[in-house]
Amino acid sequence: MASESDRWYDDAAGPVVRPYAMTRGRTSHAAEAKLDLIALVVTRHAPGEGDPPADDPDLTPEHLDIIERCQYQALSVAELAADLDLPVGVVRVLVGDLLEAAHVHIHRPVPPAELPDESILRDVINGLRAL
């Protein structure tokens, strides 16, 4: 039998909220197509600027954490999930909520297929050297 000190108590565990409760039971969002793991999230309003998001009654503490973390630097969806210790699916839904409410905007990196080919860049450099 386990000793009294080895037992796990709810008080010691701290607040436990299931991920589906944070997203109100939703597993996807309308903006889901835009929110891949490397999409960068940036808060629209600078600190101290008008329209404080804390006054929005629809925002949960997790929404406010995302807004706070993205005020000073852009963070990817994957970084937010790691920083907040939340599943990526939950962070996607929360960021989708913030995107819909215009509290954040998303920057998507340029896909590798749209980047210039290395051989083209070498030809340009060689052409410039030849001048």
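Tabulated data
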| read-out | value |
| --- | --- |
| By average C-beta atoms within 10 angstrom, highest first, the peptides 70-78, 57-65, 86-94 | 86-94, 70-78, 57-65 |
| Relative packing of peptides 97-103, 109-115 - highest average C-beta neighbours within 10 Å first | 97-103, 109-115 |
| Inter-site label distance for Ala130 and Arg69 at 7 Å from Cα along Cβ, in nm | 5.0 nm |
| Full-extension gain in nm, Arg108 to Ile120, via 0.36 nm per residue minus C-alpha separation | 1.9 nm |
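Every number in this text was worked out from the coordinates using simple rules, so none of it is lab data. From a predicted model like this one, the values you see are computed outputs, not experimental measurements. Positions of Cβ are backbone-derived with ideal geometry, glycine not excepted, and every protein chain shown enters the neighbour counts.
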